[in-house]
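The values are calculated or read from the model by the stated rules, or taken from the named source; none is laboratory data. Every value quoted in this text rests on a predicted model; they were computed, and no experiment measured them. A quick note on method: Cβ atoms are made from the backbone with ideal geometry, for glycine too, and the neighbour counts reach across all protein chains shown.
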Amino acid sequence: MDTSDIADVSLARDGVKRIEWADRAMPVLRRIRQRFAAERPLAGLRIAACMHVTTETANLIRTLQAGGASVALAASNPLSTQDDTAAALVAEYGAQVFARAGIDREGYYRHIHQALDTRPDLVLDDGCDLVNTLHLERTDLVEGVLGGCEETTTGVIRLHQMAREGALRFPMVAVNDTATKHMFDNRYGTGQSTLDGIIRATNTLLAGKTIVVAGFGYCGRGLAERARGMGARVVITEIDPVKALDAVLQGFTVAPMAEAAEVGDVFITATGNRDVITAEHFAVMKDGAILANSGHFDVEIDVRALADLAVEVHRDVRPQADEYVLADGRRLVLLAEGRLVNLAAAEGHPAAVMDMSFADQALTCAWLAREHQRLTPAVYQVPAEIDMEVARLKLAAMSVRIDTLTPEQQDYLSSWQHGS
Ligand code: NAD
Ligand code: SAH
């Protein structure tokens, strides 16, 4: 408690209530927690995590603790911290937490350093900031790290680049790449929670609007499907011809951003790339256009260019909504300062989706604790058995049963001699 940095410990009771509410929708993680309490696969290990401080993350931390680990948590985004959750983690669940909602950039990195000061054996990252800090500024601690997990697409891309350049100093597991993570979290989670964030921030009616989604990857696809379901016309922008073709065949309009910018009412970026919406696009947007990012950090929408173009900025016209007035009088509304709208303006993905992502995380930590000695500094995939187990447990929790291969079917699928 003394070594934490949180906003207000008196919020702990509210945090506990919300954490327990989320736990109800996380049956797979709950079951793993019970197993961990009996088997203690993480006994004596120190874990430093850089993740969104949400009720769902709190339930992951409780699971790691049940497995015998001590956990220090820093926020993976300056705007996503739920202060009541942070308070509950410190006061009721015995974790160290370094996170305050709305922290500035300097405070954000100070918190990452403070989590690293606990000299972790394992690290959990969401976007590679903690691993990056370890490799660039805390090299004294690198030797002690047995391995770690990465939660998101962009973090995994960065880890591959580090491995390619020979810079990576310990094994990292790409948790994002499991089917039970990205096919559900990135797709259905981002689809729902992003629209939730936009609606909470603006109370806008989506039906009949033109929504431009940049990127038709897992996140973009989820978003496009949900936006269409809400009655919006959806325009996709892409740079990958296969993804663009897929969007066309799913019935979406595909156009370059320069054209989409003229027709969109709401813009959502989900590419993991920078400068997706820039000054040339702001120049042709409609009055009242809403700009939101649900991809990576605050680089997808060129916020600085928007500020340069604006003659006036009205902060907080509603919570998490800033209005930029351009010289010709048009107003563009930027949500959550261009950071992840689903985590800043809403609560991130619902617990039922994070149940699978964090079951993958917990089981991968136990695997790392068991196997680290035979691993080298490289990017590893989560073992397929973990992915399958999480899917099986989730189906069981939903009371959904499926068929099993007969011996004849197994034989048929594994042979090449059977003709038609
Ligand atoms: P992905 O690789 O499946 O999809 C990204 C897509 O963006 C690709 O199809 C790529 O071709 C396209 N793209 C790249 N540059 C582009 C550009 N300039 N214009 C248009 N399209 C472009 O990745 P993903 O899993 O969908 O993740 C996307 C981003 O969202 C990542 O940064 C990831 O870390 C993040 N993410 C956010 C959340 C959230 O909670 N908001 C959840 C999961 C992932
Ligand atoms: N840290 C970077 C990248 C985050 S990408 C940034 O803030 O820009 C978003 C990740 O947040 C996803 O991979 C997803 O798994 C995670 N996430 C979404 N909802 C969450 C929730 N309710 N609790 C914790 N993590 C969540």
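Evaluation of Gln161 against the conditions (1) in contact (Cβ under 8 Å) with a residue 12 or more places away in the chain; (2) within 16 Å of ligand 1 (Cβ to nearest atom) shows that the sole unmet condition is (1). Considering only residues that are part of a helix (DSSP H, G or I) and away from ligand 1 (no atom under 11 Å from the Cβ), look in region 245-259 and name the one that is surrounded by the fewest Cβ atoms within 10 Å (Cβ to Cβ). Ranking the qualifying residues of region 245-259, first place goes to Leu249. Looking across region 399-411, just one residue is surrounded by 10 or more Cβ atoms within 10 Å (Cβ to Cβ) and either touching a Leu at 6+ places or on another chain (Cβ under 9 Å) or within 12 Å of Met356 (Cβ to Cβ) (or both), and that is Leu405.
Rundown of residues vs (1) within 13 Å of ligand 2 (Cβ to nearest atom); (2) surrounded by fewer than 24 Cβ atoms within 10 Å (Cβ to Cβ), yes/no style:
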position	(1), (2)
Arg339	yes, no
Ala344	yes, no
His349	yes, no
Ala352	yes, yes
Asp355	yes, no
Gln361	yes, no
His372	no, yes
Leu375	no, yes
Ala378	no, yes
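Of Glu312, Glu323, all but one fail to be farther than 17 Å from Ala261 by Cα, away from ligand 2 (no atom under 13 Å from the Cβ) and free of Cβ contacts under 8 Å to residues at least 12 places away in the same chain; the exception is Glu323.
So if I check each of Glu323, Glu280, which one is of a type outside the set (A, V, I, L, M, F, W, C), in a helix (DSSP H, G or I) and modelled with pLDDT of 95 or more? Steps first, answer last, please.
Working: Glu323 fails: in a helix (DSSP H, G or I).
Only one candidate passes the filter, namely Glu280.
Identification of helices (runs of 4 or more DSSP H) wholly contained in region 128-175 with 3 or more residues that are buried (at least 19 other Cβ atoms within 10 Å of the Cβ) yields 129-136, 153-164. On inspection, Ala362 qualifies as closer than 21 Å to Thr54 by Cα, in contact with a helix residue (DSSP H, G or I) (Cβ under 6 Å, 6 or more places away or on another chain) and more than 16 Å from ligand 1 (Cβ to nearest atom). A search for C-beta distances below 9 Å between a residue of region 282-296 that is of a type in the set (Phe, Trp, Tyr) and any residue that is assigned to a loop (DSSP other than H, G, I, E, B) and at pLDDT 95 or above, counting only pairs 6+ apart in sequence or on different chains, returns Phe282/Ala289; Phe282/Asp302; Phe282/Arg330.
Which members of region 92-125 meet the condition of being in a loop (DSSP other than H, G, I, E, B) and more than 24 Å from Pro41 (Cβ to Cβ)? First the steps, then the outcome.
Residues of region 92-125 that are in a loop (DSSP other than H, G, I, E, B), as a first pass: 92-95, 99-104, 117-121.
Selection gives Ala99, Arg100, Ala101, Gly102, Ile103, Asp104, Asp117.
Are any of the residues in region 8-28 buried (at least 24 other Cβ atoms within 10 Å of the Cβ), over 22 Å from Ala391 (Cβ atoms) and touching a residue at least 60 places away in the same chain (Cβ under 8 Å)? Please lay out each step first, then the result.
At the first step, the residues of region 8-28 found to be buried (at least 24 other Cβ atoms within 10 Å of the Cβ) are 15, 19, 26, 28.
With the extra rule that they be over 22 Å from Ala391 (Cβ atoms), the set shrinks to 15, 19.
Pick out the ones that are also touching a residue at least 60 places away in the same chain (Cβ under 8 Å) and you get 15, 19.
Yes, some residue in region 8-28 is buried (at least 24 other Cβ atoms within 10 Å of the Cβ), over 22 Å from Ala391 (Cβ atoms) and touching a residue at least 60 places away in the same chain (Cβ under 8 Å).
The condition (being β-branched (Val, Ile, Thr), under 21 Å from the mean Cα position of the chain (by Cα), buried (at least 24 other Cβ atoms within 10 Å of the Cβ) and modelled with pLDDT of 95 or more) is satisfied by just one residue among Ile211, Ile198: Ile198.
Residue count for region 285-297 under the criterion of being more than 14 Å from the chain's Cα centre (by Cα) and either assigned to a loop (DSSP other than H, G, I, E, B) or hydroxyl-bearing (Ser, Thr, Tyr) (or both): the result is 5.
Residue-level check: of (1) among the hydroxyl-bearing types (Ser, Thr, Tyr); (2) touching a Lys or Arg at 6+ places or on another chain (Cβ under 7 Å); (3) surrounded by fewer than 24 Cβ atoms within 10 Å (Cβ to Cβ), Thr81 misses just (3).
Applying the condition of being away from ligand 2 (no atom under 16 Å from the Cβ) and either buried (at least 24 other Cβ atoms within 10 Å of the Cβ) or not in a loop (DSSP other than H, G, I, E, B) (or both) to region 327-337 and asking which residue is nearest to the chain's Cα centre (by Cα) yields Val333.
Within region 104-147, restricting attention to residues that are out of contact with any Leu (no Cβ under 6 Å at 6 or more places or on another chain) and of a type in the set (Gly, Ala, Ser), which residue is farthest from Glu371 (Cα to Cα)? The qualifying residue farthest from Glu371 (Cα to Cα) is Gly107.
Condition check ((1) in contact (Cβ under 8 Å) with a residue 40 or more places away in the chain; (2) assigned to a helix (DSSP H, G or I); (3) touching a Ser or Thr at 6+ places or on another chain (Cβ under 7 Å)) across all residues:
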{"site": "Glu347", "(1), (2), (3)": "yes, no, yes"}
{"site": "Thr364", "(1), (2), (3)": "yes, yes, no"}
{"site": "Leu368", "(1), (2), (3)": "yes, yes, no"}
{"site": "Glu385", "(1), (2), (3)": "no, yes, no"}
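Would you confirm, using the coordinates I've provided, whether Val400 is within 16 Å of ligand 2 (Cβ to nearest atom) and of a type in the set (A, V, I, L, M, F, W, C)? No.
Cβ separations smaller than 8 Å between residues 6+ apart or across chains give the following pairs from region 189-213 residues that are under 15 Å from Lys286 (Cβ atoms) to residues that are modelled with pLDDT of 95 or more and within 16 Å of ligand 2 (Cβ to nearest atom): Thr202/Leu335; Thr204/Ile198; Ile211/Ile268; Val212/Ile268.
With respect to (1) outside any strand (DSSP E or B); (2) among the hydrophobic types (A, V, I, L, M, F, W, C); (3) touching a residue at least 12 places away in the same chain (Cβ under 8 Å), the lone exception for Val317 is condition (1).
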